Structure formats: C-alpha cells, structure tokens
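Here you go, one structure.
The values are calculated or read from the model by the stated rules, or taken from the named source; none is laboratory data. Since the structure is predicted, the reported quantities are computational estimates derived from the model, not experimental observations. Every residue, glycine as well, gets a Cβ built from its backbone with ideal geometry; the counts of neighbours run over all protein chains shown. Ligands, DNA and RNA are stripped out before the accessible areas are found, and what is left, the full protein with its side chains, is counted by its heavy atoms. Shrake-Rupley method; radii C 1.70, N 1.55, O 1.52, S 1.80 Å.
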Amino acid sequence: MTINVGLLRPLLSLAVMAGLLAGCATFMPSDSGPAISLPDPPKRANQVEPVQREHQRILAAYGGAYRNPRLQALLQSTVEKLVAASDRPDLRYRVTILNSPAINAFALPSGYLYVTRGLLALANDTAEVASVLSHEMAHVTAQHAVTREAQAKQASLVNRVATDVLSDPQTGAQAMARSKLALASFSRSQELEADAMGVRTAAKAGYDPYGATRFLTAMGRNAELKVAKEDGRKPVDFLASHPSTPERVKSVTSAARQLSAPGTGSRDRQAFLAATDGMTFGDDPGDGYVRGRRFIHPKLGITFTAPPDFALDNTAQAVLGMREGGAQALRLDVVQANEGQSLTEYLTSGWIENVEPKTVEEFDANGSPGATAIAKGQDWTFRVYVIRSGSDLYRFVFAAKNRAADVEKVFRESVLTFRRLSNEEIAQARPLRLQVVTVQSGDTAERFAGRMATDRPLDRFRVINGLDAGAALTVGEPVKIVVE
C-alpha cells in the first residue's frame, strides 16, 4: 500500500476482491494495440514516446525496477540465446526485473520483457525462467496482442448492438455471453499456443524443455498456498481468460516429450540460484509488508492484524484480505483527511454507498479517533471504519455474506489492533530475503522449515524449492530458505 492513495470508491463485492487477491497467476501479454503505418507527427520538446510512457506506467504499477546486476545479466544472456533460436532472430528484447512479489511476466509488442522478482523467487533454475521468457516472446512473435485487440473490439461491438438495438433483454444477454465466451476461448488458445512455441524455442536454445512443466507445477502449488478454498473445492470460471494450470502442465509436458526425454538440455541451476541469493522476498517494507495476518508499514508508521483465518495481500492501492472459505473479506487504504470535516461527516459524505446514518458511531483506536457505520449491498453487508492518524484517514471496509454478532465482534477486534509503530519497531523493519544454503548430512525439509521466516514454513520451503511432500534432500545441493 503506497502513501496517500487517491480517493477511490471501494470495490465492494467479494468477487472483485477475490480477483484482486488472486493476482495474475499466468504469464500475460500486454493488450497494447498494433503499430499503425502513418507518418510520425511532429514532436514537441520533451515529448515522451508512447513505448516509454507505457514502460513508466508498468514500473509505477509494479514498484519500480529491482536492481540486481548479476541476475539482470543472467536474464539478458538467456533472452539472447532464446532470440537466436526463435522464429524471429531479428527481434530485440530488453528485460526489466520488477520490484514486485507478484508472480507475473509479460511482454510489450515493442520488445520490452518484464519479469517480477516474485516469479524469480519461485523458479529453481535457468531453464524454468527460459520457459517463461520464451512464452512471452512467443506472444510477441505470434502477434497475440494485435489479434486480442481485434477480438476485444468485436466483442465490444456485439455488446453495443445487444444493448442498443435488441429489444429482447434475454436475447441481448445471450448475445453478450456468446461474445465473452468466444473472446475467453480465444485467449486460452493463445496461451496454449505460446506455451508450445516457448517449449520448442527453449529446447532449441539448449535448455531443458521440461522447465515449463516444473515451473507451472510450482506456480499451481504456490497458488494453493495463497488462499485455501472451502473443502478443497475451487470454483469453475467458464469465462476465465487463461487455461487452468493442470491443463497447461499437461500441454507443455506433451510438447517437451515430442522433443526429448527428461534429463536432457541445460538447467543451469547453480548459476541461477547464486544470482538470486540475497534477493528480496515478498513485500518491500517501503510499501508496507505482510507477516502472516499482520500488516506493517514502516513509512506510514502503522500496523494492524487481520481476523483469524484471513490471508492478506498488499497491493499498490490497498491491503486486501479474504477469509478461508470466501465468506468474508477486507480492504484497507489511506487518503488525506479533509480539514475541518468530522469522521462521522466523512462516513456519510458519499465515498461509499448505502451507508445507514443511524449506525454511525465513534470509537477510540489506541489513542486515534475513529468512526464506524454499516453499509448494505445486495448480497453483502459492509462494516466500515475510518481512523484519523495525523493528516491521514485509514479506511477499513469489511465485507460479510452473513451479518452476525460474532462476525461484528471479530471485525471490531481486528480494527482495534490498529496502532502507531514505535521508533524501535520502525528501525527494526526490514525485508525478507532469499538465502541459498547447501544441504548437509542429516538436513531435512523440516529442519530447514524451522529457519523459514514465513507462514506455513514447511509448505513454503517445499514450494520455492520445487519439492514434493516427502522428497529427500540431496547432500551438497543448494536450496533456498527465506530469512530476515
């Protein structure tokens, strides 16, 4: 969460919150449009090129560039090998490591490649990263962004016709649904095509073609750690824009088998792990960070603890949380307080809809003045809290499907954990980082888990090292642990 987020109307639906929490768990191409062959317009002094403008927007959205010269050099060298082996050896790419814990990679048609440090922390060798980079390069080579924009325009046209022309609402809804399904299905086909092209390119460049299988498997396991689903069931989204991870694992494994047997090609594991040693893991304290259910922001000097069974995710706009099972969610952001406006006046000022004025009440949050109220939605009830701290207003929005006294109590107890950090706590705040260590005789996953400074340490250790449950460690091999 960045400092002084602009006044935004909260996203008050669990489906939207869930989408924000989940993040992008696939390698996504940019939706930038095609280049148009027209004469260049006259340029004003200091005019920023569109490509540079897009690059700056991406940096702003993902915490800026992460500086690691050794890792940067390894990635650029990998890209050059992939380009030479690709169908378009004439293209040139520039790689940027984004300072984000999200697991994501994408490319612009201009040849800008982006990979987050969160993705690099999950990978275990250069072959896995090569599979990601070659996948994104395939999107550029196949001009998927251009085709996707054309599909989106067609879907938009169908929507307008259905809305403005068709008099039968049911017929209009069916037409819009068909257009959305067609666009989603096409996107899945793009992803699978890029997967197959990426595997072939990586293998031709000399990398182990099964790197894609390993990384997609790790990505799926990591997603399972994010937010557990009730009874282990996961909702089916028929409009998902990308194929499920199991489908992609099956696809890339099939493509790899057509090229070679397992164990062939370079993995370059030692060099890759050495380059990631010491890399920041998880949130950067400069933007606040999550430790289990606790959120800490040294620059703002505040902290709070989410209710039991909540998983937190820190984004550039807000802290988002969801309870296991998906029946409750939360959002925290911060805005500048309006001088002279009381908290009760702010609650009913319109920044959030359907506030019930009779439910407004004031309270004290560890010495900071606060106010709360209830807002009603169609399927959800929202308990809203605002706390004034200096010139800032901290806004908590808790959503629940079923409003009950015990739920209200849990929400209030969470808000009352909000407090200012001491100078000592601010001074001690530091990021988690990856440390690469060598397995010694007698070492086990359980022993290394005891050194992990994360939630679910044993599961997390296995996921970031690509280990199955019960897998034995090999003496002399490097593994990653997360330390303070």
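Over all pairs of distinct alpha carbons, what does the Kirkwood formula give as the hydrodynamic radius of the stretch 316-455, in Å? Each step should come with its number before you reach the end.
Values: mean 1/r = 0.0561 Å⁻¹.
Taking every pair of different Cα atoms in the stretch 316-455, averaging 1/r and inverting gives 17.8 Å.
On a C-alpha basis, how far is the centre of the stretch 290-321 from the centre of the stretch 200-220 in Å? Whole number, if you could?
The stretch 290-321 and the stretch 200-220 have Cα centres spaced 34 Å from each other.
How big is the stretch 269-374 along each principal axis, measuring the range of its Cα positions in Å and listing the largest first?
63, 35, 25
For residue 266, tell me the accessible area in Å² from a 1.4 Å probe, rounded to the nearest 10.
For residue 266, the solvent-accessible surface is approximately 50 Å².
Additional query: Go ahead and run the numbers for FRET between residue 317 and residue 261, Cβ-Cβ distance against an R0 of 30 Å, rounding to 0.05. Don't jump to the answer; show the numbers that get you there.
Values: r = 47 Å, r/R0 = 1.57.
Step by step, r from the Cβ atoms, then E = 0.05.
The stretch 331-361: which GluC sites (Glu not before Pro) are DSSP loop and have at most 11 other beta-carbon atoms within 10 angstrom? Please report the intermediate quantities before stating the final value.
On the way: sites: 339, 345, 353, 361; in loops: 339, 353.
In loop regions of the stretch 331-361 (DSSP not H, G, I, E or B), the sparsely surrounded GluC sites (Glu not before Pro) are 339.
Please identify which residues in the stretch 248-272 have an amide N closer than 18 Å to a label point set 7 Å out from the Cα of residue 73, following the Cα→Cβ vector.
Hits in the stretch 248-272 for residue 73 at 18 Å: 268-272.
Right, something else. Using amide H atoms built in the peptide plane, which far-off residues or other-chain residues are under 5 Å from residue 266 H to H?
207, 208
Now a separate question. Pairwise over distinct Cα atoms, reciprocal of the mean inverse distance: report the Kirkwood radius of the stretch 412-464 in Å, one decimal place.
Working: mean 1/r = 0.0706 Å⁻¹.
Evaluated on the stretch 412-464, it is 14.2 Å.
Still on this model: Per 0.36 nm of contour for each residue apart, how much would the distance between residue 88 and residue 408 grow if the chain were fully extended, relative to their Cα-Cα spacing? List each step's numbers first, then the result.
Values: separation 320, 0.36 × 320 = 115.20 nm, distance 5.88 nm.
Working it through step by step, the gained length comes to 109.3 nm.
I'd like the FRET efficiency for residue 274 and residue 345, computed as 1/(1 + (r/R0)^6) with the beta carbon distance as r and R0 of 51 Å, rounded to 0.05.
Numbers: r = 58 Å, r/R0 = 1.13.
Efficiency, from the Cβ-Cβ distance: 0.35.
What shape does the stretch 394-484 have by the C-alpha gyration tensor, where a ≥ b ≥ c are the square roots of the eigenvalues, rounded means a/c under 1.5, and otherwise prolate means a/b greater than b/c and oblate the rest? Provide the component values of the computation, followed by the final result.
On the way: a/c = 3.96, a/b = 1.90, b/c = 2.08.
Oblate.
Give the long-range amide H neighbours of residue 96: residues separated by 5 or more places, or on another chain, with amide H under 5 Å away, using H modelled in the peptide plane at 1.01 Å from N.
Answer set, sorted by chain and number: 113, 114, 115.
Going by amide H atoms built from the backbone, whose H comes under 5 Å of the H on residue 291, apart from near neighbours?
Those lying under 5 Å, H to H, from residue 291 are 296.
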